[in-house]
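The values are calculated or read from the model by the stated rules, or taken from the named source; none is laboratory data. Keep in mind that what you see is a predicted model, and the values were worked out from it rather than measured. Here the Cβ positions follow ideal geometry from the backbone for every residue, glycine too, while neighbour counts run over all protein chains shown. Note: areas computed on protein heavy atoms with side chains; ligands, DNA, RNA excluded. Shrake-Rupley method; radii C 1.70, N 1.55, O 1.52, S 1.80 Å.
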There are 4 protein chains.
Amino acid sequence: MKVGFIGLGNMGLPMAKNLLAAGHELTVWNRTQAKAGPLREKGARVANTPAEAARGADVVISMLADDHAVQDAVLGKDGAHAGLGKGAVHVSSSTISVALSEKLTEAHASAGQGYVSAPVFGRPEAADAKQLWVITSGPRADVERVRPLLEVLGRGLTVLGEKPSAANVVKLSGNFLIASMMEALSEAFALTRKSGIEPKLFLEVFQSVFARAPIFERYAQLIAEEKYSPPGFTMKLGLKDVGLVLDAGRGAEVPMPLASLLRDQYLGGVAQGHGDLDWSAIGALVAERAGLKKR
Amino acid sequence: MKVGFIGLGNMGLPMAKNLLAAGHELTVWNRTQAKAGPLREKGARVANTPAEAARGADVVISMLADDHAVQDAVLGKDGAHAGLGKGAVHVSSSTISVALSEKLTEAHASAGQGYVSAPVFGRPEAADAKQLWVITSGPRADVERVRPLLEVLGRGLTVLGEKPSAANVVKLSGNFLIASMMEALSEAFALTRKSGIEPKLFLEVFQSVFARAPIFERYAQLIAEEKYSPPGFTMKLGLKDVGLVLDAGRGAEVPMPLASLLRDQYLGGVAQGHGDLDWSAIGALVAERAGLKKR
Amino acid sequence: MKVGFIGLGNMGLPMAKNLLAAGHELTVWNRTQAKAGPLREKGARVANTPAEAARGADVVISMLADDHAVQDAVLGKDGAHAGLGKGAVHVSSSTISVALSEKLTEAHASAGQGYVSAPVFGRPEAADAKQLWVITSGPRADVERVRPLLEVLGRGLTVLGEKPSAANVVKLSGNFLIASMMEALSEAFALTRKSGIEPKLFLEVFQSVFARAPIFERYAQLIAEEKYSPPGFTMKLGLKDVGLVLDAGRGAEVPMPLASLLRDQYLGGVAQGHGDLDWSAIGALVAERAGLKKR
Amino acid sequence: MKVGFIGLGNMGLPMAKNLLAAGHELTVWNRTQAKAGPLREKGARVANTPAEAARGADVVISMLADDHAVQDAVLGKDGAHAGLGKGAVHVSSSTISVALSEKLTEAHASAGQGYVSAPVFGRPEAADAKQLWVITSGPRADVERVRPLLEVLGRGLTVLGEKPSAANVVKLSGNFLIASMMEALSEAFALTRKSGIEPKLFLEVFQSVFARAPIFERYAQLIAEEKYSPPGFTMKLGLKDVGLVLDAGRGAEVPMPLASLLRDQYLGGVAQGHGDLDWSAIGALVAERAGLKKR
């Protein structure tokens, strides 16, 4: 396929390289043109503007840092939107806001162009090794059309329906999960370290108990299915244990705001009469507060 | 070995069963004696008090619901402490407070008895299938003495040094990590669901991206080693992404208190001049607030 | 003075009425023109567009619901900006974002017009009774020019310097303080009520101890002056008391997230070695996390 | 009356001094006996143990630092409990836990002694100037008996029913309100200061708008009466304003965890369909989460 590629940063460069290696015809653009050198050597054309990269392409893929950069390179003067032909498709792989994704959906639709969201999970090394996981959403026909390109980029692909912004919400949720885990780990390491336990040892336990076992997966499933009864471990016991965590933190002088948040969740659950549900029923409390009904 | 076993609940019963099957001589005690029936049939003796279960034993193992139950069954009238002989060892597998663990350490020491903490990770099914992960701490000689028993119970064992309460802190930290993950997952499911994404689909992405990949393990390692530079993904970008998560939550009307907490962490990190560290440097912020110095 | 007045909602209508009563010549505009009836009867002219209300005026005052409404009525088609003459001044009394205030500052400056922020504290009854407190900021000359109008509206006026957005930040901070107090009161009422104390009785204590005494004022002063030593009541004692609050909440089954937040603040303060400062040194912790240095 | 007084710290000393000045016969005890000097000079007897201070007294008042100190001085060896006669009353003015207050209630009752809680609001200067506000609870007859003493100590008194621990909950709630206000003020000062506003100026606004006006009192009343409709200012607007606060904090790089908490409250309120209630309906959200029903 004829592919325009916009944005050659840590992620974009290896992605473009892989598309080129797979035999696609690439025209690339980057704000700092020097970065395009290695790709030019392997046969890519280098454009002076995003519009030029998009002109004549079947598909233009953008991989940029933030909303601002995408707005400029796509909707700005000499942006990809201006160059892209009718019927061609823009694949946006950047981590952007839901609002901008919706704006792009409209802008491309009103120009008779296709628009597909396809953010990726994975760091630069994963991009290089074609080990990204791609999540995508958009009109079915457009998704099918760009699928061969997306399959070149990673180890797998999930299609999330026809609304382009869906993939953006899921990508953001994924980054949120990672950040949450880091907050949790940070508090746990601080607590154990102040209690005299070597980080290396705690890491070892973490690896043995959590990282290689499907423990989180099981809880994710319980929450996805809203199956909080019969309990494996109750909210009341969860409240007890988180209370003990906070007591230990108090003793070791370690503030643990996430533990405090969890305590308030369990305490609220118990206060509202849900103490005998499974402790994963935090899922029900959060959903209720969001105005969601049990399905 | 001659083993006393105190507490035959969901966890204790399968653990005792496995010790019996491994050829150890068991005397068991449970508040509700009826629960001991299946073990009696397989050759266990049934005691009328914890003290009786401990009398003459090389090792007494307790697996009870909470601090209160342990306090009663071990230090109370006719408790295990009263029955246990000089030189014998109490292995406490319950999830109890650091304070109670320290109290037990003293009580047993002053009676010339050994005390080892050995809480376990895993649900009843795992206990039944000998798939628990055991973490233990206590005086080296005592730990070595009870090791053959602990190895019968699970798929692996981590020794956490000579201070018995260390294993309790680590067990509590593990439960804290699970609860954190559930809060995070709950918020993520609420956000994606209110944004029109089927929970089943989000679960699929979670399984593909997180559950089978060692992603959390890598972050745990960065935090354990305090290696926040060079960054793979910066705090500034973390702040941006968590901001977008909150914006999406605002749009879908989903309160996300954990996301709010993360935003404040990243914002504080940036405000204090750490914006270009890796986003896992939450670890540094939490540690600093706990009065820990960089190692 | 010749005054244009834009926005006749719950707040705008009584403000406009008071300006009219004070002898100023008013031209008013409201999206729903019917609302202007009572003012027309008292001699105000009614304009068809914000631009028309601004045309020929010395000063145009806007009092609208949110950023969106201000953006439309001032910078939109037929907005006040288009009608306002060179040298005339726009006084913005709405509670708007810092970003929009900065945008208005530029827009008016580039058209040779003045711009002054003048948000108000007080509910509709206070507006009616000329009991608002006005906070204002902007170029000194412009502020002086509109001062006679602002003095008609309320019981007092604070000038906050020459940067218009300063008054917006202060107005937002004021609303934040009110909301904080409501969260705190809500948690306190829930705790005392679940502990069997009549809300009426707790209200009585609140009125006796807090509402009529300058207690908050004193703490505000300590934080404003960063005078945390010698302590009147230490962080360590604060940690103790907030811990007791949480214990009481635990007993009565009342989740208190603000109390949890406070506990983590005090615990962090103690962990970092500030346990003997006055408990108002939360001010120092918050400032430090924001990257502020002690003055 | 014959009064025993236990604890001559910053608060106890001026309280004892005032009782002496009012003509009561005092026997005082303090861990560090030297502190009793000034009182001895004015005619007080100095006891060697709390028991001795209590012996023969009509009333013994204790004013100590924390649960631990009270436990020791009252229930410990040579504690006041041992010395106090049948029918005499212990007045506990320390800020202690609900649990200890309940334990003291039982201990005194079973010895035929009376027990009244009477914690106080006010700092040492207020104690000295007889400007404390006393809150008290306990059996009516006992409260009436000690009332003349309590009236000597402060500017007023609220009686909170017959259950002694009620006054402890209210005292803790009061300290919680003060700490909340300090967190709120700290965040507001950090935000305004980083936005270029002199703390002195913001303090001035605070004093003008909040400290001398009964604004908090009105909100306390709305929450006490659960009167959230008709709204003076809606939850939706509250959500908007707190959102703007957080945006301003984002811009100025000021983490504001309390503002984040408030945002999540308002967002939850709106998500659950309460967006048009008064913004003080945070009271309803907190109460509901605590399992309380609307009255």
Enumerate the pairs (first residue in region C:180-197 and under 17 Å from residue A:271 (Cβ atoms) and modelled with pLDDT under 85; second residue anywhere and part of a helix (DSSP H, G or I) and not hydroxyl-bearing (Ser, Thr, Tyr)) with beta-carbon separation below 8 Å, excluding pairs fewer than 6 apart on the same chain, so at least 6 apart or on different chains.
C:194/C:252
Exactly one condition in (1) within 20 Å of residue B:24 (Cβ to Cβ); (2) touching a Pro at 6+ places or on another chain (Cβ under 8 Å) is false for residue B:101; which is it?
(1)
Just checking: which of the helices (runs of 4 or more DSSP H) contained wholly in region D:220-295 hold 2 or more residues that are at the interface with chain B (Cβ under 10 Å from one of its Cβ atoms) and surrounded by 24 or more Cβ atoms within 10 Å (Cβ to Cβ)?
D:235-252, D:257-271
In region D:80-93, residues that are open to solvent by less than 10 Å² (accessible area, probe 1.4 Å) and closer than 18 Å to residue D:162 by Cα total 6
Among (1) assigned to a helix (DSSP H, G or I); (2) open to solvent by 10 Å² or more (accessible area, probe 1.4 Å); (3) under 20 Å from residue C:15 (Cβ atoms) - the single one residue C:104 does not satisfy
(2)
Limited to region D:21-31, what total is found for residues that are surrounded by fewer than 20 Cβ atoms within 10 Å (Cβ to Cβ) and either among the aliphatic types (A, V, I, L, M) or closer than 16 Å to residue D:73 by Cβ (or both)?
3
Over 18 Å from residue C:14 (Cβ atoms) and either within 14 Å of another protein chain (Cβ to nearest Cβ) or touching a residue at least 60 places away in the same chain (Cβ under 8 Å) (or both): is that true of residue C:99 in this structure?
yes
Per the filter on region C:137-183, residues more than 14 Å from the chain's Cα centre (by Cα) and among the β-branched types (Val, Ile, Thr) are C:143, C:146, C:152
Do we have any residue at all in region B:251-260 that's more than 22 Å from the chain's Cα centre (by Cα), under 17 Å from residue B:284 (Cβ atoms) and free of Cβ contacts under 8 Å to residues at least 60 places away in the same chain?
no
Every residue in region A:38-79 that is among the hydrophobic types (A, V, I, L, M, F, W, C) and open to solvent by 50 Å² or more (accessible area, probe 1.4 Å), please.
A:65, A:75
Under 8 Å between Cβ atoms, which residue pairs at least 6 apart in sequence (or on different chains) link something in region B:234-247 that is free of Cβ contacts under 8 Å to residues at least 60 places away in the same chain and on the phi > 0 side of the Ramachandran plot with a partner that is aromatic (Phe, Trp, Tyr) and open to solvent by less than 30 Å² (accessible area, probe 1.4 Å)?
none
Flagged in region C:48-91 as part of a helix (DSSP H, G or I) and of a type in the set (Asp, Glu), in numbering order, are C:52, C:67, C:72
Could you run through region A:13-51 and say how many residues are in contact with a strand residue (DSSP E or B) (Cβ under 7 Å, 6 or more places away or on another chain) and of a type outside the set (A, V, I, L, M)?
9
Would you point out which residue out of D:18, D:10 is touching a residue at least 12 places away in the same chain (Cβ under 8 Å) and either under 20 Å from residue D:146 (Cβ atoms) or of a type in the set (Phe, Trp, Tyr) (or both)?
D:18
Any hit, region D:173-186, residues being of a type in the set (Val, Ile, Thr) and within 30 Å of residue C:122 (Cα to Cα)
yes
